[in-house]
Amino acid sequence: MYRQPDVYSSYRENNIGQTLYDIVTKLKPKKIIEIGVLEGYSTISMAQALKDLDEGGMVYSYDLFENYQYRNCAMDDVWDNVNKYGVQKHVRLQYKSFDEWLTDMYDFDLLHLDISNDGDIISKIHDKYPNKKVIFEGGSVERDNIEWMIKYKKTKITEVQTSCKYKIINDAFPSLSGYNI
């Protein structure tokens, strides 16, 4: 049964964890890759679904953790959060950046990308994995117009919607989108 994790996340306010839980419950993936963990909110939400499915699925979560120069969380603190919700059997945490991860080929059933997504990042993922099930933070007009996207002149995710053929799954800010879902 889903319990909203009591850890910091931009997803928390609109309970996007429930959406992630529902997606995992529907798709029944055995191997979930997650890039971008912060304090573990989405990791815990998806792992709760895997635990409830009781089919041996795993969330492989990659982040820079305390080595990320902006908002971050230590890996030990994320493990504490994962343990608090009793889903440690379904989670593996590892230090790895998006770019490091992208250089390798990975097999997975579902990818959750929750980094500083912009249109270029979503295009890279789609180019490498066009036929995989991918969900990502962002995709709405409101999310494309947040301060750092404008300040750093990032490519808007909505500008790649036609080529990536994604749809918005949950339009609550910050929004959750995906393709092949």
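Could you calculate the contour length gain from residue 165 to residue 94, that is, 0.36 nm times the residue separation minus the distance between their Cα atoms, to one decimal place in nm?
The span from residue 165 to residue 94 would gain 22.6 nm if fully extended.
Within the listed set 52, 63, 104, the residue fluctuating most in the Gaussian network model of the chain (springs between alpha-carbon atoms under 10 angstrom) is 104. Using a cut-off of 25 Å between Cα atoms, the listed pairs 26/165; 51/165; 26/96; 30/156; 31/165; 124/151 include 51/165; 26/96; 30/156 as exceeding that distance.
Please report the antiparallel percentage of the DSSP beta bridges confined to segment 12-179, to the nearest 5.
Values: 7 of 24 bridges.
Approximately 30 percent, going by the DSSP bridge assignments.
The Cα atoms of segment 1-114 cover 35, 32, 24 Å along the three principal axes, with the biggest extent listed first. Packing here is the average count of other Cβ atoms within 10 Å per residue, and on that basis the peptides 137-145, 1-9, highest first, run 137-145, 1-9. Placing +1 on the Cβ of every Lys and Arg and -1 on the Cβ of every Asp and Glu, with nothing else charged, gives segment 12-179 a dipole about its Cα centre of roughly 440 debye. Over all distinct Cα-Cα pairs of segment 74-172, the Kirkwood formula returns a hydrodynamic radius of 15.3 Å. When the helices of the chain are scored as -39500 (n - 2.57) per DSSP H run of n ≥ 4 and the total is divided over every residue, the value at 222 nm lands at -9500 deg cm²/dmol.
Across the chain, the relative contact order, built from alpha-carbon pairs under 8 Å that are at least six residues apart, equals 20 percent.
Read-outs: derived from the displayed coordinates by stated rules, not from any lab. In this text, all values refer to a predicted model and were calculated from it rather than measured experimentally. Positions of Cβ are backbone-derived with ideal geometry, glycine not excepted, and every protein chain shown enters the neighbour counts.
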